[in-house]
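The values are calculated or read from the model by the stated rules, or taken from the named source; none is laboratory data. Keep in mind the model is a prediction, meaning the values are calculated, not measured. All Cβ positions, even for glycine, are placed from backbone atoms using ideal geometry, and neighbour counts span all protein chains on display. Just the protein is used for accessible areas: all its heavy atoms, side chains included, with ligands, DNA and RNA removed. Shrake-Rupley method; radii C 1.70, N 1.55, O 1.52, S 1.80 Å.
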Amino acid sequence: MTPLVILDRDGVINEDSDQYIRSVDEWRPIPGSIDAIARLSRAGIQVAVATNQSGLSRGSFGLDELEAIHAALRERVAAAGGEIAAIAYCPHLPTEGCDCRKPRTGLLDAIQRELQLPLEGAPFIGDSLKDLQAAETAGCRPVLVTTGKGADTRAALATPGVQLENPDAVTVFPDLAAAAAAILDQH
């Protein structure tokens, strides 16, 4: 049984932007992602989100905007009959050296503490190498979706010297809906 699934946000749940998702108006779910989260939740799986949000430190958006985006996400999932158990975010710049910014595992550790569920073997679905590295380091099962930056990440996995201990352990799906369906088939 998979009691926990962890998701990256931008590029996995919603469309990504190089200029950051700065408001609820800019937040657009990827087709099928909200229903996928709701289906996982209805199956008894705790769904958590772990997201780097350096736009906070860069001044691209404020905490009120970030909280409004997360409230909208939770509302959409609830309207589909599901629930997001936890959302953890890193507000720091890459240069700050914090423990929470992926590929470090601070966000995953925070989710584990909050939900009291093991990370070991839990699918972590992301679209970037940082997501996969954090998953691998924390003992999660790295899952890549090719939405967002995922297609580029998939290509990078085939590159010699990629900074992932076991790139062959990464399962690849076209999107969150397909990844959720596979998880539910195993559940």
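Some notes on this structure:
- Single unsatisfied condition, Asp64 versus (1) surrounded by fewer than 14 Cβ atoms within 10 Å (Cβ to Cβ); (2) modelled with pLDDT under 95: (2)
- Which listed residue, of Val24, Val49, is closer than 27 Å to Leu117 by Cα and of a type outside the set (Lys, Arg): Val49
- Any hit, the stretch 129-143, residues being part of a loop (DSSP other than H, G, I, E, B), open to solvent by 40 Å² or more (accessible area, probe 1.4 Å), free of Cβ contacts under 8 Å to residues at least 24 places away in the same chain and over 13 Å from Val12 (Cα atoms): no
- Hits in the stretch 148-174 (condition: open to solvent by less than 50 Å² (accessible area, probe 1.4 Å), touching a helix residue (DSSP H, G or I) at 6+ places or on another chain (Cβ under 7 Å) and of a type outside the set (A, V, I, L, M)): Thr153, Pro167, Phe173
- Single residue of Gly81, Gly55, Gly44, Gly106 found to be in contact (Cβ under 8 Å) with a residue 24 or more places away in the chain and under 17 Å from the mean Cα position of the chain (by Cα): Gly55
- Exclusive hit being open to solvent by 30 Å² or more (accessible area, probe 1.4 Å) and assigned to a loop (DSSP other than H, G, I, E, B), set Arg76, Arg101: Arg101
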